[in-house]
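Shown next, in structure tokens, is the structure this report addresses.
We did not get these values from a lab; they are worked out from the coordinates using the rules stated. As the structure is a prediction and not an experimental result, all values here were calculated from the model. Ideal geometry is used to build each Cβ from the backbone, glycine not excepted, and the neighbour counts take in all protein chains shown.
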Amino acid sequence: MMTSLFSVAVGGAIGASMRYAIGVGLFRAFGHTGFPLGVISVNVIGSFLMGVFIIVAAHKGLAHLNPFVAIGVLGGFTTFSSFSLETVNLMERGQLGLAGMYVLLSVILSVGALFAGLWIARGVFA
């Protein structure tokens, strides 16, 4: 348990640092665009890398690296990769209705929760 937790923590630090570096690099390259270029870039890259890693790990017997790579590095890089993996898993099992519900609920509830957090925090700290 502690070994896996340590692997996730180290991987998460690496992934979060990579996310920050990409965001800064894109900002320096393109300036403020008014579009969240850094966020969408890491979401797409992270989702792609999650897909590649899951297959490579399964074929090469590297599933023991899942806590470090999938949860840690890629989870720290972008949690969207985990969301994408869960969605595709549901779709591949033929549970299209559940996949659609998962996508809709994840987006609607997460954005709604963010708005609620903003509203409550503004009420407390305003």
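Side notes on the structure shown:
- Span-rule helices in the chain, defined as complete DSSP H runs reaching 24 Å or more along the axis (Cα) with Kyte mean at least -0.5: 2-30, 37-60, 96-125
- Ranked by how many other Cβ atoms sit within 10 Å of their own Cβ, fewest first, the residues M91, M50 fall in the order M91, M50.
- Residue order, fewest to most surrounding Cβ atoms within 10 angstrom, among E92, E86: E92, E86
- Label assignment, log10 I(q)/I(0) by the Debye sum over Cα atoms at q = 0.13, 0.15, 0.19, 0.22 Å⁻¹ derived from the structure, set (1) -0.69, -0.89, -1.17, -1.23; (2) -0.48, -0.64, -1.04, -1.38; (3) -0.60, -0.75, -1.06, -1.31: (1)
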